[in-house]
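Chemist: One structure is given below, represented as structure tokens, and several questions about it will come after.
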Amino acid sequence: MKNFTSVDDIQDLSELVALAKTIKAAPFADKEIGKNKTLGLLFFNPSLRTRLSTQKAALNLGMDAIVMNLNTEGWLLEFEDGVIMDGNKAEHIKEAAQVVSQYCDIIAVRSFPSLTDKQKDEEEQVINSFKKYASVPVISLEGSTEHPLQAVADALTIEEFKTVTKPKVVLTWAPHPKALPHAVPNSFVKIMKKADVDFIITHPEGYELNPEFTSGVTITHNQDEAFKDADFIYAKNWSNYIDYGQITSKDPSWTVTTEKMALTNNAKFMHCLPVRRNMIVTDAVLDSDASIVIEEANNRTYAAQAILTKILENAG
Ligand code: CP
């Protein structure tokens, strides 16, 4: 694996999940692979899980990890070519990416979308610019359109908790007070399309995700119908994709409740976190045995460690 910025970079999901399981069973077994290597973690946005789990994954592999909050601690970066840099942007990505490549053997970047300019967001300018100008592999810590490390952790969690060979997995929209990106649901959809699951998406009318991600997947606007016989409920809010970045519904009837979970086949409840209690899901569900959100977050370390291992193996 050269870069990891999309679920599309996974060649064999079963093999990757098996590697993550092996790593989880013995997280410190391969301390030599990262010896004298440095992971640079660059954040343009806040994080708890991604930052700590990816750093821990690097440490588990014997790597050093350097973390920088670029939005608050670095020079403002210019990403456009050919501009006269007479504004507030002090450094061009061309130099910045090459310089960081001299300090780090792998660069990992988090950069959220604007949610105001769909075309620009879909260009993934920040992560793609690092890929273009860095001379070392690049990992996405969540870009404008995908959160692939989260998706690997989700696939690992489903593999661990499934009780039937081909579980029914439901991705359900749920209400939220702020406009949220599409990266988590997009990558979850992509990875579920690669997994051996019966997958269905449910959301209010008008909340369709980008059809480039959801093509071929069953979609229903009837949440109760979707929940019937489900083995996993994966809740997530996203802002409107058609009316780009807008909140056009906060319908509380879409909150995941005990009554809705009762429609399922004793389903496990999943969410990438952070989660808004009693907006996305009620306290009763989140605090119940059905919730596996903490286990899911724990798997972020082993997902990241599996990806770092694949990249380090490729680097030789
Ligand atoms: N799930 C996730 O990416 O969490 P953070 O935003 O805290 O990193």
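Chemist: Roughly what would the spin-label model give for residue 219 and residue 86, points 7 Å off Cα along C-beta, in nm?
Modeler: 4.6
Chemist: Obtain the nm distance between the two label points defined at residue 116 and residue 166 by a simple spin-label model: each point lies 7 Å from its Cα along the Cα-to-C-beta direction.
Modeler: 4.7
Chemist: So, one more: Loop-only chymotrypsin sites (Phe, Trp or Tyr not before Pro) in the stretch 93-144, please: DSSP not H, G, I, E or B, and at most 14 other Cβ atoms within 10 Å. It would help to have the intermediate numbers written out before the result.
Modeler: On the way: sites: 103, 130, 133; in loops: none.
Nothing satisfies the criteria.
Chemist: With a cap of 15 neighbouring Cβ atoms within 10 Å, and only residues DSSP puts in a loop, list the trypsin sites (Lys or Arg not before Pro) found in the stretch 222-270.
Modeler: Sites meeting the loop and neighbour criteria: 228, 250.
Chemist: Relative to the longest principal axis of the C-alpha atoms of the chain, give the angle of the C-alpha long axis of helix 148-161, reported between 0 and 90° and rounded to the nearest 10°.
Modeler: 40
Chemist: Another question, if that's okay. Return a whole-number percent for the relative contact order of the stretch 192-233, with Cα pairs under 8 Å and 6 or more residues apart as the contact set. Could the numbers behind the result be given before it?
Modeler: Numbers: 31 pairs, mean separation 17.5, N = 42.
Computed over the stretch 192-233, the figure is 42 percent.
Chemist: Too long at a 20 Å Cα-Cα cut-off: which of 56/236; 168/228; 118/193; 21/194; 24/131; 236/268? Don't jump to the answer; show the numbers that get you there.
Modeler: Details: 56/236 26 Å; 168/228 9 Å; 118/193 24 Å; 21/194 18 Å; 24/131 29 Å; 236/268 14 Å.
Pairs exceeding 20 Å: 56/236; 118/193; 24/131.
Chemist: On to the next question. Per 0.36 nm of contour for each residue apart, how much would the distance between residue 288 and residue 73 grow if the chain were fully extended, relative to their Cα-Cα spacing? Working shown, then result.
Modeler: Working: separation 215, 0.36 × 215 = 77.40 nm, distance 4.01 nm.
Once the chain is fully extended between residue 288 and residue 73, it gains 73.4 nm.
Chemist: Moving on. Excluding residue 291 itself, what net charge comes from residues whose Cβ is under 13 Å from its Cβ, given Lys and Arg +1 and Asp and Glu -1?
Modeler: Working: positive: 268, 277; negative: 283, 287, 289, 295, 296.
That works out to -3.
Chemist: If one takes the longest principal axis of the Cα atoms in the chain, at what angle in degrees, from 0 to 90 and to the nearest 10, does the Cα axis of helix 293-315 lie?
Modeler: 40
Chemist: Further question: Taking residue 310 as the anchor, which aspartates and glutamates have their alpha carbon closer than 16 Å to its alpha carbon, excluding any fewer than eight residues away along the same chain?
Modeler: 8, 9, 12, 15, 30, 32, 105
Chemist: With the Cα gyration tensor of the stretch 149-296 giving a ≥ b ≥ c as the square roots of its eigenvalues, does the rule (a/c under 1.5 for rounded; else a/b larger than b/c for prolate; else oblate) give rounded, prolate or oblate?
Modeler: On the way: a/c = 1.45, a/b = 1.16, b/c = 1.25.
The shape class here is rounded.
Chemist: In degrees, nearest 10, range 0 to 90: what is the angle between the Cα axis of helix 13-25 and the longest Cα principal axis of the chain?
Modeler: Between the helix axis and the principal axis of the chain, the angle is about 80 degrees.
Chemist: Moving on. Please list, in order along the stretch 61-71, the HN-Hα scalar couplings obtained from phi with the Karplus expression 6.51 cos²θ - 1.76 cosθ + 1.60 (θ = phi - 60°), rounded to whole Hz, x for Gly and Pro.
Modeler: In residue order, the calculated couplings are 9, x, 7, 8, 10, 10, 10, 9, 8, 4, 5 Hz.
Chemist: What 222 nm value per residue comes from the helices of the chain, counting each DSSP H run with n ≥ 4 as -39,500 (n - 2.57) and dividing by all residues, nearest 500 deg cm²/dmol?
Modeler: Working: 13 runs with 120 residues, N = 316.
Helix-only estimate at 222 nm: -11000 deg cm²/dmol.
Chemist: Follow-up. Give, in nm to one decimal, the length gained when the segment between residue 33 and residue 128 is fully stretched (0.36 nm per residue of separation minus the Cα-Cα distance).
Modeler: On the way: separation 95, 0.36 × 95 = 34.20 nm, distance 2.66 nm.
So the extension gain works out to 31.5 nm.
Values in this text are rule-based calculations from the coordinates and carry no lab data. Predicted, not measured: the structure shown is a model, and the values here were computed from it. Methodologically, a virtual Cβ is constructed for each residue, glycine included, from the backbone with ideal geometry; neighbour enumeration extends over all protein chains shown.
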